[in-house]
Amino acid sequence: MSKRNENYLKVILGLFSMAFMIYIGSTLFKRARIDFTEENLYTLSQGTKSILSKLDAPIKLKLYYSKTAANKGSEGLRTFNNHFLYVQELLRQYVGNSRNNLSLEVIDPRPDTPEEEDATAYGLRKFNLTETERYFFGLVAENESGTEKIIEFFDPNQKDKLEYDLTKLIYTVLNPQKKNIGILSSLDVISDEALSPYMAQIMKLQGRPINDSWMITKLLKELYNVKKIEKETDKISGIDALIIIHPKDFPEKTLFAVDQFVMNGGNLMVFVDPTAVVDRGEEGRRDVSSSPDSNFKKLMDKWGIELKEKAYAGDKYLSGIGNSLPNMPPTRMLPLLECDIRCTEMYSDNITAGVNKSLFVFPGVLSTKEVDGVTYTPLMATTKKGNSYTAMPFQLNNPQMLWSNFNEGTEPVVIAYKAIGKFKTAYPGGIKKEKKEKELKLIKESSKESAVIVFSDVDFINDQFAFKKTFLGQGVANDNSSIFLNGVEALTGDVDLMSVRSKGRINRSFDVINDIEFEAEKKTEDKVKEINASIKKVQSELNQLGSQANAGNIALLQNEGLKKKKELAKRIAVLKKELRAVKREGREKIESIGKMFQYINTLLVPALVVVFGVFYTRRRNHLVRGRRLKVEGKDKKNHKLMEVKA
């Protein structure tokens with residue numbers, strides 16, 4: 001065979017080998033994946049796989065995506081193609097793990113077609129691009145019995161919640177019967193009846209207040225039957241879990257009903273608060289609205305959980321940024337506690353696992369006492385440098401004072417606890433009943449285990465701090481709602497779905513950069529204090545000079561005052577220069593770190609490739625040269641043998 005034909009044969013065999021490897025990879029190893037992310041963001045969680053393993057009947061998934069319309073549309077609309085591919089790939093993983101119980105159909109609904117009519121009939125969100133062109137991007141899941149559930153629109157901004165949304169969809173088809181949740185609150189967290197948008201607009205025009213339900217209760221209704229428990233109730237039954245928000249001013253019969261609900265094995269989640277900002281805002285008051293009151297504390301005492309009175313949990317390293325005064329620049333504020341993975345990684349509980357960002361406002365301090373047969377698990381806490389602090393009501397409106405008076409601690413401060421066990425009643429002798437009221441059966445000790453979850457903040461589940469407005473409507477601002485729903489799911493036993501919700505996007509921060517920023521802020525704060533102290537000192541001296549003024553020395557004192565003002569101006573100029581230097585130093589350190597990583601990305605990696613290429617080339621040339629010398633040596637040896645024989 002000639003050298004040319006041999007090269008042709010090698011190329012053909014190479015192409016066949018490549019095609020065969022692609023075929024093997026796309027068939028036998030289709031489901032093989034390696035996920036290097038810390039929380040397996042690109043792998044189905046165990047909770048999803050567990051729910052898929054429970055499928056015993058076929059479920060058909062219809063993915064509606066207007067790909068043709070997207071390709072014809074603007075550049076921004078075409079970017080949805082990438083999210084569509086991600087959704088489609090994730091759904092294929094669902095199908096692959098469903099033991100052939102899931103099937104996927106991808107549909108491109110074109111104008112004036114049965115597919116477009118079906119998408120509209122299912123209730124998928126529709127966007128009118130032109131007079132005839134419409135855009136859909138949603139999912140329908142239906143089983144053989146006719147149960148239908150939908151995701152009306154896939155928002156790319158909610159990509160980290162995608163697996164939960166898909167698993168919830170399948171879970172609701174698998175379990176169409178919703179569980180019952182009761183809500184008891186001193187606040188109007190759930191309205192008596194839903195207002196239509198038209199009536200809400202009319203009431204707004206008339207200047208009438210609209211008591212709409214909190215967004216958190218609307219989310220709850222997607223998964224559960226939500227029942228409002230009246231404040232004057234004497235019995236709580238027919239629910240799977242009870243949520244109590246801001247417990248105060250409840251009558252004794254209501255407290256007794258809560259107590260007996262727990263004695264009957266009911267699960268409970270309670271939100272207390274040393275300073276409920278949302279309550280003050282609703283009632284337009286300036287005084288502090290706190291919970292629990294003294295009567296509800298009797299119940300919490302039996303559960304072994306206590307909220308420290310007039311105390312707050314703070315942590316400078318978790319402090320949020322806000323505006324303390326209207327005309328002042330944003331600054332770190334101690335009352336705002338922005339919890340991330342540092343607040344939960346020590347406890348590894350499914351309720352708060354995977355939480356990346358949650359916001360608490362004036363959270364309280366929780367502690368526990370030993371109760372026989374009850375185990376306690378912290379759910380969230382500050383870092384070890386966090387501490388508790390006390391403040392009078394007038395000090396709560398002065399974040400700078402709270403910040404300067406705060407002392408770092410050595411142990412985490414817990415802001416959420418979970419208690420599981422058999423509890424004893426807070427009313428061993430029962431309660432006094434009126435003659436007309438029926439005597440209720442008293443249970444002094446629960447016969448089966450109950451779970452009680454307590455959070456030391458009410459504000460963090462309010463719309464103001466848990467949600468934000470987007471062009472698609474109300475959107476999730478952080479993980480506050482996830483924590484709430486995780487807790488409800490844990491209490492109702494939906495552990496598999498809860499574990500999926502705990503999986504989310506990790507906001508990995510650079511600890512070195514955070515430390516540099518924090519130290520720069522501390523130095524800046526010191527300089528600002530020094531400037532204010534200088535101004536205060538000179539102002540005091542000017543006031544003292546003014547008190548000494550009379551007709552004889554007024555001119556002299558005016559000159560003295562002008563002199564001091566000039567000295568103050570020079571002193572402030574020097575301090576401001578030092579302040580700018582501190583800010584510049586911190587900024588330059590951060591920029592130098594950024595440049596270092598830029599150099600690594602642009603120079604180091606190519607340099608390593610070049611070094612490897614040079615090494616490989618020299619090594620290859622060395623081997624080739626060795627083989628050539630070896631062949632030449634053999635030829636010389638054979639030539640000498642032939643000469644000898646001749």
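Being open to solvent by 10 Å² or more (accessible area, probe 1.4 Å) and in contact with a Leu (Cβ under 7 Å, 6 or more places away or on another chain) is the filter here; which residues of the range 236-259 pass it?
Hit for the range 236-259 is Ile236, nothing else.
Let's see how each residue does on (1) in a strand (DSSP E or B); (2) farther than 24 Å from Thr43 by Cβ; (3) not assigned by TED's automatic domain parsing to the domain that holds Lys49:
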{"residue": "Lys60", "(1), (2), (3)": "yes, yes, no"}
{"residue": "Leu63", "(1), (2), (3)": "yes, no, no"}
{"residue": "Asn81", "(1), (2), (3)": "no, no, no"}
{"residue": "Leu91", "(1), (2), (3)": "no, no, no"}
{"residue": "Val106", "(1), (2), (3)": "yes, no, no"}
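What is the number of the single condition among (1) part of a strand (DSSP E or B); (2) in contact with a Lys or Arg (Cβ under 9 Å, 6 or more places away or on another chain) that Ala69 does not meet?
Of (1) part of a strand (DSSP E or B); (2) in contact with a Lys or Arg (Cβ under 9 Å, 6 or more places away or on another chain), only one is false for Ala69: (1).
Which pairs do you get when a residue that is at positive phi, found in the range 238-251, comes within reach of a residue that is modelled with pLDDT of 95 or more and of a type in the set (A, V, I, L, M, F, W, C), reach meaning Cβ atoms under 8 angstrom, with the pair 6+ apart or on two chains?
From the range 238-251, the pairs are His246/Phe271; His246/Val272; His246/Val458.
Take the conditions among the β-branched types (Val, Ile, Thr) and assigned by TED's automatic domain parsing to the domain that holds Pro292 and apply them to Ile190. Does it pass?
Judged against the criteria, Ile190 is a match.
Here is a yes/no grid of residues against (1) surrounded by 16 or more Cβ atoms within 10 Å (Cβ to Cβ); (2) free of Cβ contacts under 8 Å to residues at least 60 places away in the same chain; (3) hydrophobic (A, V, I, L, M, F, W, C); (4) out of contact with any helix residue (DSSP H, G or I) (no Cβ under 6 Å at 6 or more places or on another chain):
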residue: Thr130; (1), (2), (3), (4): no, yes, no, yes
residue: Arg134; (1), (2), (3), (4): yes, no, no, yes
residue: Phe137; (1), (2), (3), (4): yes, no, yes, yes
residue: Thr147; (1), (2), (3), (4): no, yes, no, no
residue: Pro156; (1), (2), (3), (4): no, no, no, no
residue: Leu162; (1), (2), (3), (4): yes, no, yes, yes
residue: Thr167; (1), (2), (3), (4): yes, no, no, no
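Could you tell me how many of the residues in the range 363-394 are surrounded by 13 or more Cβ atoms within 10 Å (Cβ to Cβ) and either closer than 17 Å to Lys316 by Cβ or basic (Lys, Arg) (or both)?
Summing the residues that are surrounded by 13 or more Cβ atoms within 10 Å (Cβ to Cβ) and either closer than 17 Å to Lys316 by Cβ or basic (Lys, Arg) (or both) in the range 363-394 gives 13.
Residues Ile415, Ile461, Ile431: which one is open to solvent by less than 30 Å² (accessible area, probe 1.4 Å) and either within 14 Å of Gln260 (Cα to Cα) or modelled with pLDDT under 90 (or both)?
Only one candidate qualifies: Ile431.
The values are calculated or read from the model by the stated rules, or taken from the named source; none is laboratory data. In this text the structure is predicted, and so the values were computed from the model without any measurement. Neighbour counts are summed over all protein chains in view; Cβ atoms, including those assigned to glycine, are modelled from backbone coordinates with ideal geometry. Just the protein is used for accessible areas: all its heavy atoms, side chains included, with ligands, DNA and RNA removed. Shrake-Rupley method; radii C 1.70, N 1.55, O 1.52, S 1.80 Å.
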